[in-house]
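Asker: Here's a structure for you.
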Amino acid sequence: MSGPGVPSRPLPEEDPTGLQSFAVLLRQMNSEFNRLAHEFAQAHDLHLTDVQALIAILDADPNGRDEPMTPSRLRKQLNLTSGAVTACLDRLERAGHIHRVRATDDRRVIHLHFAAAARGMTSEYFRPLAQSTDTARSRFTAEELTVIVRFLGEMNRELVLLRQSWPMG
């Protein structure tokens, strides 16, 4: 139904909860995160790959939910060659950002750990991001945050599945 006084239905690309809106907002957020990562890398004389490795190691910290990161897992996660991972880890270790520890149950396995100094450096640098995140979170109810967390978790799962099935080359 259309005519005077009858609101028109938004076009799919105008739907604030439609796929187009989600795609644009997620790309914008990803771009901002990438800018922050680039700036952090430049400020600390790191390669962007080094920052990605630091994030992966931090997120896999044994104090969290996962097992400690290993060079093999890091290689797969960042889609790098063994040589590139070794060079990256050598740079990060020389800079004091990580340390390698042999697993107690299998000495052939190397665990990668975030160094305390690096944790302090990254916390200080990204504190404004944490504060901005907290400010944004404060604008939502607990129920809304539960849905947002569920959505982000599902997006991450879907992205991992997509990456695993993505055609190479």
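The values are calculated or read from the model by the stated rules, or taken from the named source; none is laboratory data. Source: prediction; values computed, not measured. Methodologically, a virtual Cβ is constructed for each residue, glycine included, from the backbone with ideal geometry; neighbour enumeration extends over all protein chains shown. What goes into the accessible areas is simple: the full protein's heavy atoms, side chains included, and nothing from ligands, DNA or RNA. Shrake-Rupley method; radii C 1.70, N 1.55, O 1.52, S 1.80 Å.
Asker: Only Lys, Arg, Asp and Glu count, each charged at its Cβ (+1, +1, -1, -1), so figure out the dipole size of segment 66-139 about its Cα centre, rounded to 20 debye.
Answerer: 120 debye
Asker: Sort 135-143, 31-39, 67-75 by packing, meaning the average of other beta carbons within 10 Å per residue, with the highest value first.
Answerer: Ranking the peptides 135-143, 31-39, 67-75 by packing returns 67-75, 31-39, 135-143.
Asker: Further question on the same structure: Suppose every Lys and Arg Cβ carries +1 and every Asp and Glu Cβ carries -1, with no other charges. What dipole size does the chain come out with about its Cα centre, to the nearest 20 debye?
Answerer: For the chain, the charge dipole is close to 480 debye.
Asker: Give me the Kirkwood hydrodynamic radius of the chain, using the inverse of the mean 1/r over all pairs of distinct Cα atoms, in Å to one decimal.
Answerer: 19.1 Å
Asker: Of the accessible area of the chain, with the probe set at 1.4 angstrom, what percent is carbon plus sulfur?
Answerer: Percent of accessible area from carbon and sulfur atoms in the chain: 56.
Asker: On full extension of the chain, what length is gained from ALA43 through THR135, given 0.36 nm per residue of separation minus the C-alpha to C-alpha distance?
Answerer: 30.6 nm
Asker: Can you list residues from other chains, or at least 5 along the same chain, whose modelled amide H is less than 5 Å from the amide H of ILE98?
Answerer: For ILE98, the qualifying residues are GLU93, ALA115.
Asker: Rolling a 1.4 angstrom probe over the protein heavy atoms, how many square angstrom per residue are accessible across the chain?
Answerer: 74 Å²
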